[in-house]
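Heads up: the structure comes next, in structure tokens.
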Amino acid sequence: MADNVAIPEGREVTYLERIGAHSHIRGLGLDDSLEPRQASQGMVGQQQARRAAGVVLEMIKDGKIAGRAMLLAGQPGTGKTAIAMGMSRALGQDTPFTNMSATEIYSLEMSKTEALTQAIRKSIGVRIKEETEIIEGEVVEILVDNPTTGSGQKVGKLTLKTTEMETVYDLGQKMIDSIMREKIQSGDVITIDKATGKVSRLGRSFARARDYDATGAQTRFVQCPEGELQKRKEVVHTVTLHEIDVINSRTQGFLALFSGDTGEIKSEVRDQINSKVAEWREEGKAEIAPGVLFVDEAHMLDIECFSFLNRALEHEMSPVIIMATNRGITRIRGTNYKSPHGIPIDLLDRMIIIKTTPYDEKELKQILKIRSEEEDVDISEDALKVLTRIATETSLRYAIQLITTAGVIAKRRKSQEVSIEDVKKVYALFLDEHRSSQYLKEYQNEFMFNEIGQGDASTVRTTTETSAPAAAAMDVS
Ligand SMILES: Nc1ncnc2c1ncn2[C@@H]1O[C@H](COP(=O)(O)OP(=O)(O)OP(=O)(O)O)[C@@H](O)[C@H]1O
Ligand SMILES: [Mg+2]
């Protein structure tokens, strides 16, 4: 369909996820009328902000709006990043969601505007409709000849039927492999994409419902297809503008998509792709699906980036931009002016601002409980109480760290469950930020670069509280 512009095939890469800081978040936890449930999908409390995020989410899902921006503002550890992750989960696979920290802009080997352009184009989906030829039928029989020599190519035969016909297909090595991978058996209803050879299972044939015992509870039963085995089918897949850019920029090519090493992309390439996509839209072959660009720690952007984003928001093909920050009134990076959240007023003016507030004790306890379940750490009721106490007096993040470490200690003493003693032990082993500052004040003379005077404890606090000591130091000046 694309004459001179190549489009990437649908993505088949799945990402493995470790237990990260937000892996317990599976959505925003809203009900059908967008009301936040007190605790749902890993989300606890923060109802006001979740409700607001839910409204924005609806607008994004509609896919009609572009060029809007939203700011999540609130104290550290109040769930700003968590809410953004919740939105991303709720959007699902077909709406692009790009997650970046503002500091990434400075660490890439490309100009800041190029980095932002790529981030923006990663956040715009193009839904491409294509007609493909498929073979769809119920598997009657799969025969595979294993060559006796052990090596050599496998060959086989696949018999498929519909309610009207039955055909035997020859199988090559590649097809046999994908049939094995999908664990296809006779009685399955499958489709084979003729162009790519991709095999997918639609379900088990109703005719085999008798074998229910042998299948298991999740099995989906479907009708044996009717008519011809070969069909034309319209498939829709979503790729991002950035993926199209990369594949069509001669210096980069396909592999860059996987290595992530794309470098700068020429503006002629982008112009060409923009006009091609516009053409596809007019012909009804493609639709634009504006996604989300999430910029965490947004105060780390500088004035050039802000101006660039201001302009970008006005573009017709702009994603929804979500930013998060924990800064109050602070210097806008790259200027000597101060502004709320370190974001220029003209950009702030275009944003809807959602604020997050600190949690109460009950909510902290619930979050800690969810986190310990996520990390597979069993924790006794009174240990959880102590941990909640620690969270109220220090920070939620610190308490979350203690779960993992206390879990390790409990395992060491061959206990299934974390007890108060374990929590006490890790509390003594690992300092929280406040105690660490105290310690520094007491022993500062023994450290290097100890320029902080007695009255400056507050400076120590800001520097340790944020992950960006350099910026905090600059803000003080
Ligand atoms: N409402 C919530 N429900 C469940 N887990 C939460 C909630 N709020 C925060 N958490 C968890 O607490 C931890 C800290 O929250 P998060 O990282 O979202 O804070 P933040 O507001 O982004 O802070 P910062 O300003 O420092 O970036 C994370 O592990 C997060 O998943
Ligand atoms: Mg955050």
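Please list 3J(HN,Hα) in residue order for segment 348-357, calculated via the Karplus relation 6.51 cos²θ - 1.76 cosθ + 1.60 where θ = phi - 60°; whole Hz, with x for glycine and proline.
3J(HN,Hα) across segment 348-357, in whole Hz: 4, 4, 8, 9, 9, 10, 10, 9, 10, 10.
Arrange the residues H341, H434 by how much accessible surface each exposes, largest first, with a 1.4 angstrom probe. Display every interim value, and only then the final one.
On the way: H341 35, H434 85 Å².
From most exposed to least exposed: H434, H341.
What does the charge add up to near A383, with Lys and Arg as +1, Asp and Glu as -1, over the other residues with Cβ less than 13 Å from its Cβ? Intermediate values should be presented prior to the final figure.
On the way: positive: K365, K369, K385, R389, K424, K425; negative: D378, E381, D382, E417, E421, D422.
Residues near A383 contribute 0 overall.
Net charge near P340: determine it from the other residues with C-beta under 13 Å of the C-beta of P340, scoring Lys and Arg +1 and Asp and Glu -1.
On the way: positive: R327, R331, K338, K355; negative: D346, D349.
Once positives and negatives cancel, what remains is +2.
What lysines sit close enough to K411 to cross-link, taking a C-alpha to C-alpha distance under 27 Å and skipping anything fewer than 8 places away on the same chain?
Within reach: K365, K369, K385, K424, K425.
Can you spot the lysines whose alpha carbon is less than 17 Å from K194's alpha carbon? Ignore those fewer than 8 places along the same chain.
Those lysines meeting the cut-off are K129, K157, K161, K174, K231, K233.
In debye, nearest 20: dipole of segment 97-147 around its Cα centre with unit charges on the Cβ of K, R (+) and D, E (-)?
Numbers: 5 positive and 10 negative charges, 148 e Å.
My answer is approximately 720 debye.
Cα centroid distance between segment 382-402 and segment 45-87, in Å?
Taking the Cα centre of segment 45-87 as reference, the centre of segment 382-402 is 26 Å away.
Could you sort C224, C305 by their accessible area in this structure, using a 1.4 Å probe and putting the largest first? Let's see the in-between values first.
Details: C224 30, C305 5 Å².
Ranked list, largest accessible area first: C224, C305.
Sequence-distant or interchain residues sharing an amide H contact under 5 Å with S101, placed H: which?
D296
Using only protein heavy atoms and a 1.4 Å probe, report how much of R201 is accessible, in Å² to the nearest 10.
Accessible surface of R201 is approximately 100 Å².
Give the aspartates and glutamates reachable from K266 as a straight Cα distance under 16 Å; neighbours fewer than 8 places away on the same chain don't count.
The reachable aspartates and glutamates, counting only those whose Cα sits under 16 Å from K266, are E109, E114, E243, D245.
List the residues whose amide H sits under 5 Å from the amide H of D378, counting only those 5 or more places along or on another chain, with H placed 1.01 Å from N in the peptide plane.
The answer is V418.
Each residue of segment 115-120 in order: what ³J(HN,Hα) in whole Hz does its phi give by Karplus 6.51 cos²θ - 1.76 cosθ + 1.60, θ = phi - 60°, with x for Gly and Pro?
Karplus values, whole Hz, x for Gly and Pro: 4, 5, 4, 4, 4, 5.
Karplus couplings for segment 426-438 from phi (6.51 cos²θ - 1.76 cosθ + 1.60, θ = phi - 60°), rounded to Hz, Gly and Pro as x?
Working through the residues one at a time gives 6, 5, 6, 6, 10, 7, 8, 4, 5, 5, 5, 5, 4 Hz.
5 Å is the cut-off here: which amide hydrogens, built 1.01 Å from N in the peptide plane, fall below it relative to H237, excluding neighbours closer than 5 in sequence?
It is I128, E130, by chain and number.
The values are calculated or read from the model by the stated rules, or taken from the named source; none is laboratory data. Since the structure is predicted, the reported quantities are computational estimates derived from the model, not experimental observations. Cβ sites come from the backbone with ideal geometry, for glycine too, and all protein chains shown count toward neighbours. All accessible areas refer to the heavy atoms of the entire protein, side chains included, with ligands and DNA or RNA removed. Shrake-Rupley method; radii C 1.70, N 1.55, O 1.52, S 1.80 Å.
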